[in-house]
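Asks: Structure incoming, see below.
Please treat every number below as a calculation from the coordinates, not as lab data. Since the model is a prediction, treat every value here as computed from it, not as a measurement. Neighbour counts are summed over all protein chains in view; Cβ atoms, including those assigned to glycine, are modelled from backbone coordinates with ideal geometry.
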Amino acid sequence: MNKKTILAILPLAALLAACSMPPSQADVEKATADMMKNSFQAKGIATLDRLEQDQANATCLQADLSGKPLDEKLAKAVEEASMKTIKWPSDGKFLGDWKEGEKIAQSGRGLTWTDDAKQANGGNCYNCHQISKEEISFGTLGPSLYHYGKLRGVSDPNAAGSKAIVEYTWGKLYNARAYNACSQMPRVGHKGILNETQLKHVMALLLDPNSPVNK
Ligand code: HEC
């Protein structure tokens with residue numbers, strides 16, 4: 001190759017080299033973290049601690065970035081740690097009032113900088129789930145919860161035979177990652193989105209035989 005040819009292909013070689021070297025994962029993560037830090041500002045009740053990843057989120061993000069499902073052992077570890085976060089109802093009663101539960105499931109209010117910390121949050125459940133038949137506006141990221149208790153044979157939520165499903169439902173609402181490491185469902189109890197009384201109302205919406213969900 002003469003000098004002229006070499007000079008002519010140099011820019012092309014440089015371009016090819018640049019193309020074949022995508023930014024490393026660390027570069028992408030740093031750029032993302034910087035972007036989040038620069039664009040998200042503390043305002044009202046929405047403070048910067050929102051940007052701190054907990055262990056479960058970090059583990060699931062790594063799996064997402066790698067494009068492979070989460071390693072079984074890691075998934076188990078996330079689930080076990082999440083299970084430990086669950087606080088069971090202090091008085092042993094799991095169900096409240098389904099009518100209140102419907103209001104909570106409907107409401108997407110809470111946690112933004114225009115919300116008041118003193119006001120109770122909503123559960124935003126319809127955003128991802130069908131729940132009662134009457135509400136025709138719902139998201140489909142999560143499975144339909146219509147007939148939730150009925151389909152699982154809960155005719156009396158206080159009966160011994162209902163215990164397993166009642167407990168699972170509480171746990172799932174409290175911290176969905178306890179049963180599915182990288183669940184996309186918000187950890188409604190663990191993250192303090194709903195309080196114990198509100199959780200009981202939502203439980204009743206799903207499991208009370210008198211709730212429209214089970215009619
Ligand atoms: C951002 C979307 C999202 C929101 C909001 C959400 N969920 Fe979910 N939920 C999911 C997904 C996705 C699943 C299925 C995957 C899983 O089990 O983790 C699920 C699973 C469930 C299950 C388990 C269903 C089963 O058959 O085992 C229950 C119960 C449930 N959600 C109830 C609720 C309630 C009640 C609310 C409101 C307080 C709610 N979800 C809010 C996404 C969501």
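Asks: Measuring from label point to label point, each 7 Å out along Cα→Cβ, what is the Lys191 to Ser66 span in nm?
Replies: So the label points at Lys191 and Ser66 sit 2.4 nm apart.
Asks: May I ask you to derive the FRET efficiency for Thr47 and Ala164 from their Cβ-Cβ distance with R0 = 41 Å, giving the value to the nearest 0.05?
Replies: 0.60
Asks: Also, quick follow-up: Computed FRET efficiency, Cβ-Cβ of Lys118 and Met21, R0 35 Å: what is it to the nearest 0.05?
Replies: Working from the Cβ atoms, E equals 0.10.
Asks: Would you mind checking the radius of gyration and Dmax of segment 57-102 based on alpha-carbon positions, in Å?
Replies: 16.6, 44
Asks: Can you give the Kirkwood hydrodynamic radius of segment 84-215 from its Cα pairs, in Å with one decimal?
Replies: Evaluated over segment 84-215, this radius sits at 14.8 Å.
Asks: Considering the dipole of segment 98-214 built from charges on the beta carbon (Lys and Arg +1, Asp and Glu -1) around the Cα centre, which of Ser132, Ala176, Leu194 is farthest to its positive end?
Replies: Ala176
Asks: Can you pull the one-decimal nm distance between simple spin-label points at Ser155 and Gln184, each 7 Å off the Cα toward Cβ?
Replies: In this crude label model, Ser155 to Gln184 measures out at 3.7 nm.
Asks: Size of the dipole of the chain about the Cα centre, Lys and Arg at +1 and Asp and Glu at -1 on the beta carbon, nothing else charged, in debye to 20?
Replies: Charge dipole, the chain, about its Cα centre: 340 debye, nearest 20.
Asks: Give me the distance between the Cα centres of segment 31-72 and segment 108-140, rounded to whole Å.
Replies: With segment 31-72 and segment 108-140 each reduced to a Cα centre, they are spaced 22 Å.
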